Amino acid sequence: MDGGTPTLLRKVKSEGLAHLSYFIGSEGQAAVIDPRRDCETYLDIARENDMVITHILETHRNEDYVTGSAELQALTGARILHGDLDFGYGATITDGREIELGSIVLRAISTPGHTPESMCYGIVDREGGLETVGAFTGDTLLVGGVGRTDLLGPENIEEMSAMQYDSIFGRLLPLGDGVVIFPAHGAGSVCGSNIASREDSTIGLEKAQNPWLQVGGKEEFIALKRNEMLERPYYFDRMEEVNLKGQPLLGRLPVAPPVRAEDVWRSYGDLAIVDVRSPTSYAASHIPGSISLPLEILPHYGGWIVPYDRPVLLVTDGQEQLAPSIRALVRTGYDDIWGHLQGGMVAWHAATLPTSSFPVWSASAIGERKDGDLFYLDIRMGKEWNEVRAPDAHHIFVGHLPSRIDEVPGDRDIVILCSTGMRGSLAASILKARGRSPINLLGGLTGWMRAGLPISYISM
C-alpha cells in the first residue's frame, strides 16, 4: 500500500439507477461490496489483476435493484456477509468483525436507519498503523445526502430517522475527517434526496457541505426526514422480497431475439411492449398501447409501469440500444424478455400494422395558444412540484397516473409538463393508451421557463 491507499479499489457504476458497487483487493484477495446482478465486470477485474474474490459484502437489503450477491457467489464460491436480517442466503456479520484482505482489513460498522440491518465497512490500513482510511457507507451516508428512512412505512419514519442520526453522528463521523467515503448510490438515485453529482468525498467534506450534517440536533434531523416527501416506487416491495429471499440465478443475460412484426402482432395482447426510442420518435409513430420509456429513464421508471407478469418486447432505434435496455430490465427483476422488434418501426410500417401517434410542442407553441381548452398536467415528483410549477397546472406524478387516470379529462387536449420531456413521453404513452389526447411538451418546464411563460415558486 502507498499512503494508506488499497492495492486496488475499483468503482463499478450502473447508469440510470445511479448504483455504485466496489471491488477492493490486496495481495491476491478481493471483496465486492453491493454487487449488481450482471456481475461479469467483477470477474474481469479479478482476472486482470490476478485476484480471487473471497468475500461479497452487502451494506443493506437493497430496494431499487436486484442484488447480484447470489449470482456472484455461484460464479466464485465467495462468502456472502450481510447485516442482521433473515436473508435466504449468506451469513450475518456482526458489528466490529474484521475481514482480512492482504494488507487491508474491512471492519463491519452497524449503522441502522436506512434499513434496520444497515452495515458500513471501514477500510483499515494495517501497514499504516491500523488507521481507518475509507468507509463503504452504503445508503447511510451519501455524498451531499443521507439515505431515505421511510422504507418501513410512515409510522416508522421517526424511529428509523433517530437510528440513522445516531449511526451517522455516533459511528461514521468519529472515524475522522480524512476518511474517504464510498456510498452505494449517486445523484439521481431514489434512495435519497438531493444527492450531489460528484461521487467522491470525505467525512470532512460532508461535515462542511452536506446539509443533513448541518442540523441543530436529532430532533431537527427527524423533523426534516418526516417532511422529505420522497416517492416510493411500487416495485420497491418486489425488490425487497427478492433481495431477502434470493432471486433465481440469471446465469447469463437474456438474448432478446429479433421477432418479426407479424409475429409480434399475433402475440400483441400477451406482451408488455417497451419502446426505448426518443420522445420525438415515439410521438411520431408507435405501436398502440406500448409504453414509452426512453433509455435514459428506463432504469428508474420501468418498475413503476411495466408489469412483471408479462413477457417484454423491446422496440429500439437500433442494436446499440438493445444491450443497455436488457441490462436495465434485468437489474430491476425483469427476466422474461421475449425479444425485440426486428427492423424496428420501419418493419412495423412495412407490414402495414396499426400505429398510434400524438403531437409534441415546444414552449413557444404554448405561448401562441393560451386558451381555456388546454389541460396542463405536471407529472413530476411531488418534491419537484412543491418547488416550482406552472400556475394553471394539475399535478399527478407519472408513477401514479395509471391509478388516477379518471382525474384526467377525456374531452380536452392534455399538455404534459415534466422537466425536459423524457418523463412526459412516458406519461403521454399512458394517457394515449387510455383514450386521452396528450401533447408532450418537449423541453418540459425548463423550456417553459426559458420561454418566459408564467411560473410559480413555492415557499416550503
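The values are calculated or read from the model by the stated rules, or taken from the named source; none is laboratory data. Everything quoted here is computed from the prediction, not taken from an experiment. Cβ: placed from backbone, ideal geometry, glycine included. Neighbour counts: every protein chain shown.
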Determine which single condition Leu329 fails, assuming it passes every other condition in (1) under 22 Å from Gly443 (Cα atoms); (2) touching a strand residue (DSSP E or B) at 6+ places or on another chain (Cβ under 7 Å). (1)
Are any of the residues in region 320-333 within 16 Å of Ser278 (Cβ to Cβ) and either of a type in the set (D, E, K, R) or at pLDDT below 95 (or both)? yes
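To keep it simple, each residue is scored yes or no on (1) in contact with a Ser or Thr (Cβ under 6 Å, 6 or more places away or on another chain); (2) within 21 Å of Cys418 (Cβ to Cβ); (3) of a type in the set (Asp, Glu).
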| position | (1), (2), (3) |
| --- | --- |
| Met239 | no, no, no |
| Val259 | no, no, no |
| Glu262 | no, no, yes |
| Trp265 | no, no, no |
| Arg277 | no, yes, no |
| Tyr282 | yes, yes, no |
| Ile297 | no, yes, no |
| Val306 | no, yes, no |
Residue pairs meeting the criteria (Cβ under 6 Å; at least 6 apart or on separate chains; first free of Cβ contacts under 8 Å to residues at least 12 places away in the same chain and farther than 17 Å from Ser292 by Cβ, in region 389-405; second part of a loop (DSSP other than H, G, I, E, B) and among the aliphatic types (A, V, I, L, M)): Arg404/Ile396
Which listed residue, of Ile99, Ile104, is more than 26 Å from the chain's Cα centre (by Cα), modelled with pLDDT under 95, of a type outside the set (D, E, K, R) and not assigned by TED's automatic domain parsing to the domain that holds Leu298: Ile104
Please enumerate the residues belonging to region 305-319 that are modelled with pLDDT of 95 or more and either in a helix (DSSP H, G or I) or not assigned by TED's automatic domain parsing to the domain that holds Val276 (or both). Ile305
Inside region 15-33, can you point out the residues that are surrounded by fewer than 20 Cβ atoms within 10 Å (Cβ to Cβ) and closer than 17 Å to Arg331 by Cβ? Glu15
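What residue, of Ala196, Ala162, Ala184, is under 20 Å from Glu240 (Cα atoms) and either out of contact with any Cys (no Cβ under 8 Å at 6 or more places or on another chain) or surrounded by 22 or more Cβ atoms within 10 Å (Cβ to Cβ) (or both)?
Step by step, each of Ala196, Ala162, Ala184 is checked, and only Ala184 is under 20 Å from Glu240 (Cα atoms) and either out of contact with any Cys (no Cβ under 8 Å at 6 or more places or on another chain) or surrounded by 22 or more Cβ atoms within 10 Å (Cβ to Cβ) (or both).
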Single residue of region 34-73 satisfying the filter (surrounded by fewer than 24 Cβ atoms within 10 Å (Cβ to Cβ) and under 17 Å from Arg107 (Cβ atoms)) that is farthest from the chain's Cα centre (by Cα): Thr54
